[in-house]
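Working notes, structure below.
The values are calculated or read from the model by the stated rules, or taken from the named source; none is laboratory data. Remember, it's a predicted structure, so these values are computed and weren't measured experimentally. Note that each Cβ is placed from the backbone with ideal geometry, even for glycine, and that neighbours are counted across all protein chains shown. Quick note on the areas: whole protein, heavy atoms, side chains included, nothing else; ligands and nucleic acids left out. Shrake-Rupley method; radii C 1.70, N 1.55, O 1.52, S 1.80 Å.
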Amino acid sequence: MKKSLNLNYTRKVHITVVVILMLLVLSVFVSYQIGVMEEEAAWGSLKRSANRVDEELNRRVEIDREVLQTLAGIISKQEQLDGPVVREIVDEFQANSLMKHIGLLLPGDRLIWPKREIMDVRGKLSFAQEAARGTHITNRLKDLENGDNYILRNFVPVVKDGKTVAMLYGMVNLDTLPAFMNQQLYQGKALYFIIDGSNGDFILNTNRKQLGNMWDESERDVKSGDSTLVLKEKLRLGQEGRTIIKSAFSGEYGCFYYKPSFINQWRVGVFVPEEIALARASKTSTLLTIFLVCQLLLLASYFIWLERTSRKELDQQQRLAERDLLTGCLNRNCYEKKLLEPDLSQKHLSCIYMDVNGLHELNNTQGHAAGDKMLQTVASLTRTQFGNNNVYRIGGDEFVVLVVDMEDVQVTMALRTLVDRIHKAGHFVSVGQSCSHGERSVNELIKDAETLMYEDKSRFYKQQGRDRRNRR
């Protein structure tokens with residue numbers, strides 16, 4: 001019975017542990033997925049920001065191109081491409097977008113600039129090369145007027161009778177480009193980049209005054225995502241990518257997302273400080289961590305409570321399975337298991353066989369409650385004298401005491417003390433005592449004690465008979 005109860009308790013605890021672990025694993029998995037979703041949402045916002053930059057630049061280039069195409073149509077109608085009408089168009093052009101001014105590149109590599117004489121730009125600009133490309137925008141170039149400045153040229157052909165007779169361009173000063181492209185997102189802390197994937201030149205760099213070159217950038221400390229080498233390779237190949245990388249200027253980590261642009265082989269990148277870009281994801285992660293910790297504490301508390309409650313229930317069930325409900329002594333099942341212990345007969349064992357006298361008469365005269373109380377009193381005194389784990393109730397009024405490794409004299413003295421206490425409580429018992437030092441079997445020992453008990457009981461009732469006759 002005890003083994004079965006322990007097995008049920010162990011199974012209950014194991015099932016509870018498995019359920020708690022499954023709940024924790026599920027919670028961790030869900031929390032992780034929510035964290036991933038939040039982080040992906042943050043990167044998605046960076047991607048949308050990069051797309052807006054790209055779309056805005058492309059929109060402005062297209063607007064300028066439409067203006068240039070309109071002017072090219074007017075110029076194509078002029079008989080003289082270097083005549084006063086064309087010069088006036090170039091001189092009086094008022095920029096209202098990216099273009100600082102316009103220029104007209106003529107065959108023979110001659111250039112009409114605003115309010116200047118026609119310039120010979122052989123070796124600097126090639127009409128044949130630009131005309132072969134048709135409508136296009138150049139990559140980063142040095143300004144003809146100021147070699148320290150970088151510019152772009154947005155070219156459209158001037159076509160007359162189906163033939164390109166000139167190339168009209170609008171010059172974009174890259175120093176002024178950040179003012180047009182500034183996107184007030186992420187608390188104004190976002191940095192925007194446009195990089196030429198063919199050579200690494202920065203077209204737009206809102207982080208510094210000098211544009212520089214991406215390929216010249218040194219290795220950066222990467223927290224997660226693409227390494228610096230992978231980043232550069234993806235930029236070359238025009239692939240999308242992302243990384244959390246340390247800024248060379250502020251020293252703080254930031255989320256850097258990059259993608260191919262609509263224009264040329266340009267790439268668009270957005271860099272936002274990590275604490276801003278992942279603010280919501282970080283807050284969500286903190287809340288989920290708090291949730292998991294609280295859940296763990298609650299489940300742990302529940303498990304401790306359940307374990308203690310189950311342990312108490314187990315102990316109670318074991319007591320019910322092992323103990324006699326009326327007297328609190330070990331019951332007959334425990335007694336029989338005790339007798340089966342293989343080495344019990346080899347020990348110094350003392351057996352006391354005890355029978356309560358007068359139980360039947362007391363039940364008949366005063367009722368069973370009185371008889372139960374008498375048994376409880378005898379059992380309590382016996383357990384007090386010999387210990388809770390040595391006293392067995394094996395029948396209605398029969399008790400057996402099995403004591404290991406106690407001197408025979410001590411057992412005898414303890415038994416006398418017990419009988420005296422029972423007499424003082426107003427009850428009588430018949431007892432038989434037998435001891436063995438390994439020379440007899442347990443059954444022989446108990447049989448001897450039982451025989452002695454019956455002899456004592458016979459003497460008791462004979463004495464009771466004489467006492468009754470004397471009282472007559």
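log₁₀ I(q)/I(0) of the stretch 286-436 at q = 0.09, 0.12 Å⁻¹, via Debye over equal Cα point scatterers, no solvent, to two decimals? Calculated log10 I(q)/I(0) at the listed q: -0.42, -0.61. Here's the list of lysines a cross-link from residue 223 could span, going by alpha-carbon distance under 25 Å and ignoring same-chain residues fewer than 8 apart: 47, 189, 232, 234, 246, 259, 283.
Placing unit charges on C-beta atoms (Lys and Arg positive, Asp and Glu negative, everything else neutral), compute the dipole magnitude of the stretch 139-223 about its Cα centre in debye, rounded to 20. Mind showing how you got there, number by number?
Working: 10 positive and 11 negative charges, 56 e Å.
That gives a dipole near 260 debye.
Once each of the GluC sites (Glu not before Pro) sitting in a DSSP loop with at most 12 other beta-carbon atoms within 10 Å is removed, the chain keeps 253-406 as its longest stretch.
Per-residue surface analysis assigns residue 392 an accessible area of about 10 Å², computed on protein heavy atoms at 1.4 Å probe radius. Please express the Cα-Cα pair-distance distribution P(r) of the stretch 30-100 as a list of whole percents, one per 5 Å bin, running from 0 to the bin with the greatest distance. Whole-percent P(r) values from 0 Å outward: 4, 13, 14, 13, 10, 8, 7, 6, 6, 5, 5, 4, 3, 2, 1. A straight Cα-to-Cα reach below 17 Å connects residue 338 with the lysines 2, 3, 347, 447, residues fewer than 8 places away in its own chain not being considered. With Cα atoms as the point set, the radius of gyration and Dmax of the stretch 235-346 evaluate to 34.4, 100 Å. Here the spin labels are modelled as points 7 Å beyond Cα on the Cα-Cβ line, and at residue 239 and residue 199 they lie 2.5 nm apart.
Enumerate lysine pairs in the stretch 71-162 that are 8 or more residues apart or on different chains, then count those whose Cα atoms are under 17 Å apart. Walk me through the numbers on the way to the answer.
On the way: 77/160; 100/115; 100/142; 124/142.
Going through the stretch 71-162 pair by pair, I get 4.
Computed per residue of the chain from DSSP H runs no shorter than four, each worth -39500 (n - 2.57), the mean residue ellipticity at 222 nm is -17000 deg cm²/dmol. Computed about the Cα centre, the dipole magnitude for the chain is approximately 1820 debye when only Lys and Arg (+1) and Asp and Glu (-1) carry charge, each at its Cβ.
Given R₀ = 35 Å, FRET efficiency for residue 94-residue 132 by Cβ-Cβ distance, to 0.05? Walk me through the intermediate numbers first.
Numbers: r = 30 Å, r/R0 = 0.87.
Once rounded, the FRET efficiency stands at 0.70.
Mean sequence separation of contacting Cα pairs (under 8 Å, at least six apart), scaled by the length of the chain, corresponds to a relative contact order of 12 percent.
Computed log10 I(q)/I(0) for the stretch 207-285 at 0.23 Å⁻¹: -1.19, from the Debye equation with unit scatterers placed on every C-alpha and solvent omitted.
Our summary gives the stretch 207-270 a relative contact order of 24 percent, counting only alpha carbon pairs under 8 angstrom and 6 or more residues apart.
Under conditions of 20 °C and 1.002 mPa s, the stretch 415-456 yields 189 µm² s⁻¹ as its translational diffusion coefficient, taking Rh as the Kirkwood radius over Cα pairs in the Stokes-Einstein equation.
Take the Cα radius of gyration of the stretch 91-231 and divide it by 2.2 N^0.38 Å, with N its residue count; two decimals is plenty. If you can, show how the numbers build up before the last one.
Numbers: Rg = 18.1 Å, N = 141, 2.2 N^0.38 = 14.4 Å.
Taking N as the residue count of the stretch 91-231, the ratio is 1.26.
Here each label is just a point 7 Å from Cα along the line to Cβ, and for residue 364 and residue 56 those points are 11.2 nm apart.
With the charge dipole of the stretch 253-369 set up from +1 on Lys and Arg Cβ and -1 on Asp and Glu Cβ about the Cα centre, the Cα lying farthest toward the positive end among the listed residues 262, 357, 304 is that of 262. I'd like the distance separating the alpha-carbon centroids of the stretch 95-158 and the stretch 253-308, in whole Å. If you average the Cα positions of each part, the centres end up 49 Å apart. Look at the dipole of the chain built from charges on Cβ: of 118, 84, 389, the Cα furthest out on the positive end belongs to 389. Defining a contact as two alpha carbons under 8 Å apart and six or more residues distant in sequence, what relative contact order in percent does the stretch 78-128 show? Relative contact order for the stretch 78-128 comes out at 26 percent.
Show me the three semi-axes of the equivalent ellipsoid for the stretch 343-407, from the C-alpha gyration tensor (sqrt of 5 times each eigenvalue), largest first, rounded to whole Å. Don't skip to the answer; put the middle values down first.
Details: eigenvalues 158, 24, 12 Å².
Ellipsoid half-lengths, sorted descending, are 28, 11, 8 Å.
For the pair residue 16 and residue 124, label points projected 7 Å from Cα toward Cβ lie 8.8 nm apart.
What is the calculated FRET efficiency for residue 447 to residue 313, with r their C-beta to C-beta distance and R₀ = 30 Å, to the nearest 0.05? So, using R0 = 30 Å, E works out to roughly 0.15. With R₀ fixed at 56 Å, the C-beta to C-beta distance from residue 286 to residue 66 puts the FRET efficiency at about 0.65.
The charge dipole of the stretch 211-269, taken about its Cα centre with unit charges on the Cβ of Lys, Arg, Asp and Glu (plus for the first two, minus for the last two), comes to roughly 180 debye.
Summing Lys and Arg as +1 and Asp and Glu as -1 over all other residues whose Cβ lies under 14 Å from the Cβ of residue 161 gives a net charge of +2. In the chain, the longest principal axis of the Cα atoms and the axis of helix 228-237 are about 50 degrees apart. Simple rule: put +1 on each Lys or Arg Cβ and -1 on each Asp or Glu Cβ in the stretch 1-124, find the dipole, and look at 27, 14, 94; the Cα lying farthest toward the positive end is 14.
Within the P(r) computed for the chain, what percentage of the Cα pairs occupies the region above 36 Å? The share of Cα pairs beyond 36 Å in the chain comes to 62 percent. Compared with the dominant Cα axis of the chain, that is its longest principal axis, helix 2-76 is turned about 10°. Taken one residue at a time, the phi angles of the stretch 89-96 give Karplus couplings (6.51, -1.76, 1.60, θ = phi - 60°) of 4, 5, 5, 9, 4, 10, 5, 10 Hz. Gly and Pro are set to x.
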